[in-house]
1. Does L145 satisfy the condition of being touching a Lys or Arg at 6+ places or on another chain (Cβ under 6 Å), buried (at least 21 other Cβ atoms within 10 Å of the Cβ) and not in a loop (DSSP other than H, G, I, E, B)?
2. Give me the pairs, please: first residue somewhere in region 69-84 and in contact (Cβ under 8 Å) with a residue 24 or more places away in the chain and among the acidic types (D, E), second residue anywhere and buried (at least 17 other Cβ atoms within 10 Å of the Cβ) and assigned to a strand (DSSP E or B), beta-carbon distance under 9 Å, and either six or more positions apart or on two chains.
3. Could you please tell me which pairs satisfy a Cβ distance under 6 Å, a separation of 6+ or placement on different chains, a first residue in region 146-161 that is without any contact (Cβ under 8 Å) to a residue 60 or more places away in the chain, and a second residue that is of a type outside the set (S, T, Y)?
4. Would you be able to tell me the number of residues in region 56-65 that are in contact (Cβ under 8 Å) with a residue 40 or more places away in the chain and either surrounded by fewer than 18 Cβ atoms within 10 Å (Cβ to Cβ) or under 17 Å from H121 (Cα atoms) (or both)?
5. Take the residues of region 66-122 that are in a strand (DSSP E or B) and among the acidic types (D, E): which is surrounded by the fewest Cβ atoms within 10 Å (Cβ to Cβ)?
6. Of all residues in region 35-55, which are of a type in the set (A, V, I, L, M, F, W, C) and without any contact (Cβ under 8 Å) to a residue 24 or more places away in the chain?
Amino acid sequence: MPAYWILPNRDQSDDILASDGEKIVPLRQVLEPRLRPEGFSHGVPAELLEKCGPERYAEALFAQRFPEWHGGKELFSVSTPAGLDSSGRVVHLGMLFILEPHELPRFDLPYAGLSKQDQPHARALIRRMAAPQRGDSWAQSVRELGELASLRGPATNVELQRSAVPFHSLHGLRDGRLTQKFTIRSKVRPRSAILLILLAAVGVGLCERACQHSSRPLVFVER
């Protein structure tokens with residue numbers, strides 16, 4: 001399971017950096033631009049931060065899951081705000097996982113090679129994800145997305161209303177809190193659909209026969 005940190009872009013450079021916990025390289029070497037799935041985000045989207053408000057920035061977690069991403073592998077990421085840059089803009093720290101089919105992300109990525117400024121944020125993110133507290137609904141929603149057994153198409157832990165790319169989502173966000181839960185519907189296979197229709201038709205036929213039988217008048221024969 002290759003796993004990387006997506007580092008905060010504190011100097012607003014053209015290159016987003018990534019790290020395996022020791023060595024730092026441009027993100028493009030880890031995730032080629034041509035292979036980045038449509039809608040992929042390396043931070044918490046602005047619309048979620050707007051709904052949270054500055055007082056709740058530290059709570060926000062944004063996760064994305066792209067099943068059947070490339071070569072049968074799956075892409076999973078989780079991001080959180082990691083303070084402000086010198087201009088006052090929010091910067092983000094993320095984890096990126098390249099998973100085999102049915103593999104779960106392991107939130108134990110080393111961070112000794114990160115800057116002293118980034119290490120506290122990395123340590124806090126690991127703690128939240130490795131052992132979510134009961135009241136941490138953001139962390140619970142990320143783990144729920146990662147543990148979802150069946151998923152068709154890209155999905156997020158929190159609904160995005162302004163995204164140009166359609167995502168399935170598990171929760172909505174209102175007044176800075178996760179409130180509404182959504183169900184991810186899996187597509188019904190054609191054979192399964194045909195079988196369901198046949199079973200329904202048989203059930204209707206049996207019901208009609210039973211009704212006809214029960215509606216016949218009773219005949220008593222005298223001996």
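1. The answer is yes for L145.
2. E74/R65; E74/F66; E74/P67; E74/F97; E74/I98; E74/L99
3. Close Cβ pairs satisfying both conditions: E159/G172.
4. 6
5. E68
6. The answer is A46, and nothing else.
Yes/no matrix, rows are residues, columns are (1) under 19 Å from S19 (Cβ atoms); (2) in contact with a helix residue (DSSP H, G or I) (Cβ under 6 Å, 6 or more places away or on another chain); (3) of a type outside the set (S, T, Y); (4) at pLDDT 90 or above:
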position: R56; (1), (2), (3), (4): no, no, yes, no
position: E59; (1), (2), (3), (4): no, yes, yes, yes
position: R65; (1), (2), (3), (4): no, yes, yes, yes
position: E68; (1), (2), (3), (4): no, no, yes, no
position: K73; (1), (2), (3), (4): no, no, yes, yes
position: P81; (1), (2), (3), (4): yes, yes, yes, yes
position: S86; (1), (2), (3), (4): no, no, no, no
position: R89; (1), (2), (3), (4): no, no, yes, yes
position: F97; (1), (2), (3), (4): yes, no, yes, yes
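The values are calculated or read from the model by the stated rules, or taken from the named source; none is laboratory data. On a predicted model such as this, the values are computed, not experimentally measured, just so you know. All Cβ positions, glycine included, derive from the backbone under ideal geometry; neighbour counts span all protein chains shown.
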